[in-house]
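Accompanying notes for the structure given below.
The values are calculated or read from the model by the stated rules, or taken from the named source; none is laboratory data. What you see is a predicted model; the values in this text were computed from it and never measured. Note: ideal-geometry Cβ built from the backbone for every residue, glycine included; neighbour counts use all protein chains shown. What goes into the accessible areas is simple: the full protein's heavy atoms, side chains included, and nothing from ligands, DNA or RNA. Shrake-Rupley method; radii C 1.70, N 1.55, O 1.52, S 1.80 Å.
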Amino acid sequence: MTGTLDIGTLAICLGLVTLLQFIAFFIQHRIDPARPGPGCWTVASALGCAGFAVNFLRDVPSLYGAPIVVYNLSLIGGQLIIYIGILRFLGRAEKRGPLLALAALAAAASLTFTYILDDLIARRVCGSVIYTLICFASSRALLKYNTPDIAVGARSVAALFAANGLALVALLTLPPLGLVQLPPPLPSALTFLLLLVAGPLSSIGLIVLGNPKLAAENRIATEGIRTAKLFLQSVLDGLTAHIALIDANGDIVLVNKAWRNFARDNGLAPERVSEGTNYLCACDNAASDTTTAADSFADGIREVLDGKRQQFSMEYPCHAPHERRWFVGRVTPFPGGGPRRVVVAHENITERKLMELALAESNKKLEALSATDGLTGIANRRRFDEIVASEYARHTRSGLPLSLIMLDIDSFKNYNDAYGHVSGDDCLIQVAGTIARTLQRQTDLAARYGGEEFICLLPETELAGAVTVAEGIRQSVQRLAIPHAHSAAAPVVTVSVGVLTAKCLPGTVSGDLYKQVDALLYKAKANGRNRVESDGPAPDSEAAAGQGVIRIFWDAAFACGNETIDRQHQSLIAQANALLLLTTQNPSCAALNDAIDTAFLHVAEHFRDEERILREIGFPGLAEHAAEHDRLLQKGLALANACTGTALISGDIIRYIVHDLVMEHMLSGDIQYHFCFKAPA
């Protein structure tokens with residue numbers, strides 16, 4: 001009775017110890033589930049607990065020895081799974097064939113000696129031999145496959161497995177062989193005691209064995225991280241781009257060497273823009289002090305941090321006192337999990353930007369060269385054709401008149417033959433300059449049409465105004481007084497001029513205008529040269545006198561000595577003559593108002609330029625002169641707004657132009673400042 005109680009108590013204790021082993025292995029597995037080994041050991045302990053639980057049912061007659069078979073197989077199966085866990089813990093793969101054969105042998109022996117022969121001693125001998133083989137295999141694996149970091153612990157645990165196997169096989173095989181005499185139930189009690197001692201020691205050894213391995217792996221991982229960080233830092237420091245890692249708050253986490261060097265080169269202490277500094281605040285401060293580029297870049301960083309953008313980039317200038325610089329800034333999300341971060345990279349693109357600017361400047365110069373006549377400096381025929389096509393389309397839509405002036409230097413071949421091509425080129429340059437200066441409006445265009453031919457475009461210009469401008473050009477060229485002894489037209493260089501004003505109609509092309517104005521030019525040549533021909537009446541002196549038209553002629557005495565003022569006075573006289581001519585042609589109020597508006601625009605522009613020039617030279621009567629300008633403009637505007645009948649308005653305009661503008665102001669008022677431009681005697 002006492003022996004039975006002792007065996008039962010030992011069995012209960014062994015079951016409790018196995019349960020504690022299960023708990024210990026389970027906790028180790030949960031702490032590091034990815035580590036191979038503890039999971040197998042947890043399963044083996046659970047299997048042992050189940051075997052001990054079933055063993056308490058061995059005395060139930062209806063189960064026919066099934067609990068005995070389950071108990072024996074749980075011990076051998078648990079030890080087999082522990083061996084598999086050791087192999088995996090050491091990084092080795094198990095050979096499943098021999099293990100399955102060994103498991104099948106254990107099952108066959110247990111079933112045979114339980115149900116067929118019912119031999120307790122044979123069952124114990126076979127089970128202890130198989131158990132010992134598995135212990136020896138575990139010991140061998142620990143000795144063969146251990147690493148230096150766990151060598152000492154592996155040898156200790158291997159010794160425990162070997163001792164456990166040897167003791168168990170000696171305890172269960174020597175008495176049946178008659179080598180040792182142990183009265184029952186001492187063999188069973190000693191077996192339980194052996195398992196009570198060896199099992200916990202082996203389990204503790206396996207658990208402790210994981211600590212140095214884990215520490216070694218941590219050291220390797222730490223070293224790998226340190227190496228990777230050093231490698232990353234060396235790579236970043238080798239880049240020319242300025243790179244920084246920014247966290248979600250805008251604080252700088254990491255910068256490379258180029259970032260620090262850039263700060264140092266710009267007179268900033270590197271620590272002010274390095275780790276620990278809030279880069280967004282730095283951008284905001286820079287934006288408030290200098291430009292909005294920093295503010296825009298800071299907004300881009302915030303949008304990437306907030307997930308509103310996948311990436312952000314912008315180009316911006318960052319000029320230094322000693323050089324011009326441009327940069328491109330890029331913001332990209334930092335890959336991986338964890339807190340949201342972005343990588344900010346600034347790259348110097350000054351060289352590329354300077355190349356782009358140089359290329360743009362070269363293209364601009366090439367465009368100018370392609371649109372400019374190389375000798376005279378005015379537009380060439382290609383440029384003129386482009387502008388005419390554009391203006392023709394615009395005038396087709398608006399219905400306004402478009403005028404062309406084509407002129408040719410009279411007997412220019414004779415001039416070249418007599419004076420040489422160098423003088424001929426100089427003559428072309430002077431004539432081109434005179435034509436360009438005579439055209440006062442920015443919308444007017446003068447071009448060299450070819451050889452000694454020139455052409456002018458006058459948008460939104462009636463025939464009378466175009467003829468007046470053409471006559472002004474003819475007279476200005478003649479006043480150049482360039483000697484030309486071999487010309488039949490005059491002893492100086494002169495031009496023949498054709499003037500055309502056309503309505504641009506849908507379905508027509510601008511090329512038709514060239515043919516028409518060219519015919520008018522040849523008509524001027526055929527009629528004696530040095531004259532203007534148009535498809536309407538010409539404003540020459542005889543025709544004007546025959547029609548009773550008042551004309552104003554420029555005299556050298558009107559000149560004040562300032563080139564700009566004198567040129568504008570001549571242009572105003574030409575505008576006045578065109579307007580006076582128009583009043584004799586019974587124009588409509590709309591046509592007359594258009595002509596008055598055009599003339600007043602030139603008057604207002606002249607008044608502004610004249611006041612600016614007088615202010616620059618310090619003319620003492622500037623205030624009174626400017627007040628007179630205002631009075632004349634107001635009177636002219638009132639006159640223009642009062643157009644109710646052409647007969648009434650024509651007389652008022654003649655009086656205003658001849659008396660107020662020319663006689664009273666230009667010849668009497670403007671003469672007050674002539675002394676400012678006269679050289680001292």
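Observations, loosely collected:
- Solvent exposure of the chain as accessible area per residue, Å², 1.4 Å probe: 52 Å²
- FRET efficiency for GLU605 and LYS308, using Cβ-Cβ distance with R0 set to 56 Å, rounded to 0.05: 0.60
- With bins 10 Å wide beginning at 0, the percent of Cα pairs of the range 383-430 falling in each bin runs 21, 30, 20, 21, 8.
- Hz values of 3J(HN,Hα) by residue in the range 603-609 - Karplus curve (6.51, -1.76, 1.60), Gly and Pro given as x: 5, 5, 5, 5, 4, 5, 5
- Selection from ILE482, VAL343, HIS625 lying farthest towards where the dipole of the chain points positive, charges on Cβ: VAL343
- Considering only LEU105, LEU513, ALA436, and ranking their Cα positions along the charge dipole of the chain that arises from unit charges at the beta-carbon of Lys, Arg, Asp and Glu, the one farthest toward the positive end is LEU105.
- The phi-based Karplus calculation (6.51 cos²θ - 1.76 cosθ + 1.60; θ = phi - 60°) puts the 3J(HN,Hα) values of the range 439-453 at 7, 8, 7, 5, 7, 6, 9, 10, 8, 8, 7, x, x, 9, 9 Hz, whole numbers, x for Gly and Pro.
- Expressed as a whole percent, the accessible area of the range 298-377 that falls on carbon and sulfur atoms is 54 (1.4 Å probe).
- Nearest 10 degrees, 0 to 90: helix 622-641 Cα axis against the chain principal axis: 90 degrees
- The range 16-79, accessible surface, carbon-and-sulfur percent (1.4 angstrom probe): 76 percent
- MRE, 222 nm, helices only [DSSP H, n ≥ 4, -39500 (n - 2.57), over the chain, to nearest 500]: -20500 deg cm²/dmol
- Acute angle (nearest 10 degrees) that the helix 2-31 long axis makes with the longest principal axis of the chain, alpha-carbon atoms: 10 degrees
- Order of exposure, largest accessible area first, which applies to PHE26, PHE677, PHE619 with probe 1.4 Å: PHE26, PHE677, PHE619
- For the residue pairs LYS365/LYS503; LYS229/LYS257; LYS413/LYS523, alpha carbon separations beyond 25 Å are given by LYS365/LYS503.
- Radius of gyration and Dmax over the Cα atoms of the chain, both given in Å: 55.6, 165
- Dipole check for the chain: with +1 at the C-beta of Lys and Arg, -1 at the C-beta of Asp and Glu, and the Cα centre as origin, the magnitude is about 4620 Debye.
- Rounded to the nearest 20 debye, the dipole size of the range 442-507 about its Cα centre is 120 debye, using +1 on the Cβ of Lys and Arg and -1 on the Cβ of Asp and Glu.
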